[in-house]
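Peer 1: One structure, as structure tokens, below. Some questions next.
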Amino acid sequence: MKKRMSFVVGTFLATFMALGSQAVLAAGDESVTLQLLQFKEDQAAIVKAMVEDFNAQSEGITVEATILGDDFSATRQARFAGGEGPDIFFVEGYSDAQTWLEYLTDLSDEEWTADLAANTVDGVTFDGKIYGFPIGLEGYGFVYNKDLFEKAGITELPQTITELKAVDEKLKESGIQASCDAMAEWWFTGQHLMSIPFGTIEDPQGFAAAVTAGEKTIADNPYMQGFFDILDIMVEYGEGNDSIGMDYNASIAKFAAGETAMMMTGNWAEVSITTANPDINIGIFAVPMSDDAQDARIATNVSAYYAINNQSKYVEEAKEFLNWMHDHYQEYFVDQLNLIPAFTEGITTDNLGMIAGEISEYVSEGKTSPFAFFFWPTGANQEFHAPLQQYAAGVLDRDGALTEMQSIWDKYASN
């Protein structure tokens with residue numbers, strides 16, 4: 001790590017030195033404070049511990065981390081609009097990264113780019129240049145309690161919609177609630193769940209582009225009826241009329257307590273689940289989209305990237321922090337956050353976690369689909385939540401929900 005230097009001649013200030021990012025040092029070391037803004041509240045404790053570790057080891061650089069939930073996007077927008085953009089901030093792949101491209105620093109020449117696993121920076125690569133540091137691969141599907149499945153006599157995981165409903169029925173007959181999904185959260189219904197039919201279709205990016213161009217509609221996706229079937233099953237065998245009020249924290253708590261057999265989530269949730277119940281025995285299986293087992297795939301992608309604000313006075317110092325993260329990637333991102341590694345050198349996956357370990361098997365077998373919401377018009381995913389909640393509550397039928405979602409897509413596509 002670079003050492004910050006200052007020179008003192010007598011009691012008078014003799015010189016100023018700019019160190020890469022225009023940080024000016026004078027009598028005594030001047031500490032640079034980097035502002036980091038990201039989402040993923042479930043990772044907050046580990047990320048803050050990582051930052052504290054860096055701050056203790058660093059000479060002259062301090063990172064202050066702000067980790068938000070649903071208000072991340074609005075906060076990011078407001079801070080940049082107010083001329084106070086963070087030095088380091090999260091971007092998602094494709095459309096989000098493209099939206100913020102004018103503020104992103106080219107990181108192509110950083111040493112860690114030679115250590116990337118395959119396809120891990122596709123979402124932040126434009127014109128051959130890399131603009132983000134991948135936190136790691138994540139995946140999601142139905143996380144399930146293996147002990148409750150065994151109690152209900154379930155010996156095979158469902159791979160079709162018909163088989164899923166049969167499993168839910170068997171759980172019900174055994175007095176076990178099948179699922180408790182975070183349907184109160186916009187990102188659950190409007191992003192994660194709705195992304196699955198868009199990721200299952202051939203050429204997800206091309207199909208999304210065709211919808212944006214007005215050449216296709218959402219209803220043209222052949223997996224949309226399967227999507228609504230899954231939503232119906234979640235309500236019927238989940239919280240029933242109370243399903244749309246179930247938030248993420250309540251869902252995690254109920255699942256961790258063994259009060260329900262399944263929840264649709266990803267490997268990011270394992271820390272929260274096992275912290276609440278260290279003895280829980282869990283696994284994951286793909287969300288089916290039809291009665292063809294080939295259409296059941298785990299959704300996987302790099303869900304977020306650390307980007308450096310090219311307007312920051314401290315670009316070089318921010319790069320130092322990313323380099324430090326790469327050096328400590330195993331400790332924090334793999335061993336503690338249980339992320340599927342985005343890097344290869346010296347990485348071991350012995351402590352990857354129960355969920356990520358099984359996702360890795362899907363990856364190795366090629367039974368995955370991308371996070372298709374990266375291809376949608378920015379902002380549409382948050383608004384999809386309203387018509388899907390109305391559908392789950394019985395206010396809209398399928399055609400009505402599709403019409404509303406198409407209007408949302410068209411609105412954001414025209415911006």
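Peer 1: Can you give me the % of accessible surface on segment 27-163 that is carbon or sulfur? Probe 1.4 Å, all protein chains present, nothing else counted. Could you put the intermediate results ahead of the total?
Peer 2: Values: 2580 of 6040 Å².
Whole-percent figure for carbon plus sulfur exposure: 43.
Peer 1: Gap in Å between the Cα centre of segment 266-282 and the Cα centre of segment 239-261?
Peer 2: For segment 239-261 versus segment 266-282, the Cα centre distance is 14 Å.
Peer 1: Using θ = phi - 60° and the Karplus curve 6.51 cos²θ - 1.76 cosθ + 1.60, what whole-Hz ³J(HN,Hα) does each residue of segment 157-166 get, with Gly and Pro shown as x?
Peer 2: Calculated HN-Hα couplings, in order: 6, x, 10, 10, 5, 4, 5, 5, 5, 5 Hz.
Peer 1: Starting at 0 and stepping by 10 Å, how many percent of the alpha carbon pairs of segment 106-247 end up in each bin?
Peer 2: Using 10 Å bins, I get a P(r) of 9, 28, 28, 21, 11, 2 for segment 106-247.
Peer 1: For N277 paired with S73, estimate the spin-label separation in nm (one decimal), with each label point 7 Å from Cα along the Cα-to-Cβ line.
Peer 2: Label at N277, label at S73, 3.2 nm between them.
Peer 1: Given the DSSP H assignment, sum -39500 (n - 2.57) over each helix run of at least 4 residues in the chain and divide by its residue total; what's the result at 222 nm in deg cm²/dmol, nearest 500?
Peer 2: On the way: 14 runs with 147 residues, N = 415.
For the chain, the value works out to -10500 deg cm²/dmol.
Peer 1: Measuring with a 1.4 Å probe in the full set of protein chains, what accessible area per residue, in whole Å², belongs to segment 278-415? Write out the running numbers ahead of the final one.
Peer 2: On the way: 5450 Å² over 138 residues.
Value for segment 278-415: 39 Å² per residue.
Peer 1: As a quick test, which of the pairs K129/K319; K172/K367; K129/K216 have an alpha carbon distance above 26 angstrom in this structure? Show your work: numbers first, answer last.
Peer 2: Details: K129/K319 16 Å; K172/K367 29 Å; K129/K216 31 Å.
Over 26 Å apart, Cα to Cα: K172/K367; K129/K216.
Peer 1: Note the full-extension length gain between E331 and F126 as 0.36 nm times their separation in residues minus their Cα-Cα distance, in nm to one decimal.
Peer 2: On the way: separation 205, 0.36 × 205 = 73.80 nm, distance 2.99 nm.
In short, 70.8 nm is gained.
Peer 1: Oh, and also: Given a 10 angstrom Cα cut-off, can you work out which residue in Q177, Q191, Q294 is the most mobile in a GNM of the chain?
Peer 2: Comparing Q177, Q191, Q294 in a Gaussian network model of the chain, the most mobile one is Q294.
Peer 1: On to the next question. Taking a quarter of the surface of the convex hull around the Cα atoms of the chain, what do you get in nm²? Could you put the intermediate results ahead of the total?
Peer 2: Working: hull surface 85.1 nm².
Its average projected convex-hull area is 21.3 nm².
Peer 1: I need the shape label for segment 270-415. Rule: rounded when a/c is under 1.5, else prolate if a/b > b/c, else oblate, with a, b, c from the alpha carbon gyration tensor.
Peer 2: Verdict is oblate for segment 270-415.
Peer 1: Determine the shape class of segment 130-194: with a ≥ b ≥ c the square roots of the Cα gyration tensor eigenvalues, call it rounded for a/c under 1.5, and otherwise prolate if a/b is greater than b/c, oblate otherwise. Don't skip to the end; give the middle numbers.
Peer 2: Numbers: a/c = 2.65, a/b = 2.04, b/c = 1.30.
Prolate shape, in that a/c is at least 1.5 and a/b is the bigger ratio.
Peer 1: Mind computing the radius of gyration and Dmax over the alpha-carbon atoms of segment 266-324? Å is fine for both.
Peer 2: For segment 266-324, the Cα-based Rg and Dmax read 19.2, 55 Å.
Peer 1: What do you reckon, how do W187, W409 stack up by accessible area (1.4 Å probe), largest on top? Intermediate values should be presented prior to the final figure.
Peer 2: Details: W187 50, W409 0 Å².
Sorted by accessible area, descending: W187, W409.
The values are calculated or read from the model by the stated rules, or taken from the named source; none is laboratory data. Remember, it's a predicted structure, so these values are computed and weren't measured experimentally. Because the Cβ atoms are built from the backbone with ideal geometry, glycine has one as well, and the counts that use them run over all protein chains shown. SASA here: full protein model, heavy atoms, side chains in, ligands and nucleic acids out. Shrake-Rupley method; radii C 1.70, N 1.55, O 1.52, S 1.80 Å.
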